[in-house]
Amino acid sequence: MRLHHLTITAFGPYAGTEHVDFDRLGAGGLFLLHGPTGSGKTAVLDAVCYALFGSVPGTRRADLGALRSHHAPPDLPTEVVLDVTVEGRRLEVTRRPEQQRPKKRGTGHTRDKAVSLLAERTPDGELRPLSRSHQEIGEEIGTLLGMNRDQFCQVVLLPQGDFARFLRADAEERGRLLGRLFDTRRFAAAEQYLAAERGSALEALREADRAVDQLLHRAHQATGGGPPPPVADAASGAPD
């Protein structure tokens, strides 16, 4: 996944419209997001997560209405637009939470429903609309990323406190998460194949031991000798 551009409007502490050019920031390699407490660093990360999944990390996701800036003009809608490349596809995701706005006629306010838009940029630079469905967009983004919101926050976004929660997770939970993140299915398939081959080889070895035992028994009978000595089970000495 590569972030290209983020536009934040009336979101969190940002009363107006702010643009973050990740292509320019990342041109020199790593970049640092820093500033004093309350300067809006977490809001930028929240905006990325909200654009991708329609939700934000941690306890803040319980009230999406709180995402709107208290300092924004009443007629300026809260909106996040993310330009991102995922699995070789250049996508633009637009999200607006449910919010109130002044009525266009008369006094009072009306409530606008939440909006989600997904478009894909074609090679000639045009934006091709893909979906306006919250569910469809969530499924498409989750499939392309190979992670859901919680997993994304644990291993990519790493909000405050969540990295420690990942480290404290049990081995099975971390294994599932890392397995999806790094796509270890081919290794699991190789392990299953080798285990099956090992089982087949052990069974063939036991069959060979039984055949040798029978041949020795017949040879002793044919020569008039006593009972043949037992044949050691070669498979029994094989490592588990």
| task | Determine, from the Cβ-Cβ distance of residue 185 and residue 1 and an R0 of 25 Å, the FRET efficiency 1/(1 + (r/R0)^6), rounded to the nearest 0.05. | result | 0.80
| request: Quickly work out the residue 85-to-residue 133 label distance, labels modelled 7 Å from Cα along the C-beta direction, and quote it in nm with one decimal. | output: 2.9
| field | Net +/- balance of residues flanking residue 86 in space, Cβ distance below 14 Å, scoring K and R +1, D and E -1 | value | -2
| remark: Checking rank on 140-147, 167-174, with mean other Cβ inside 10 Å and highest first, the result is 140-147, 167-174
| query | So which trypsin sites (Lys or Arg not before Pro) in region 13-121 pass both tests, a DSSP loop state and at most 14 other Cβ atoms within 10 Å of the Cβ? | reply | 103, 104, 105, 113
| query | Given a 1.4 Å probe, how much area per residue of region 1-138 is accessible, in Å²? | reply | 60
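The values are calculated or read from the model by the stated rules, or taken from the named source; none is laboratory data. Fair warning: this is a prediction, and the values are worked out from it, not measured in the lab. Glycine also receives a Cβ, built like all others from the backbone with ideal geometry; neighbour counts cover every protein chain displayed. Accessible surface areas use protein heavy atoms only, side chains included; no ligands, DNA or RNA. Shrake-Rupley method; radii C 1.70, N 1.55, O 1.52, S 1.80 Å.
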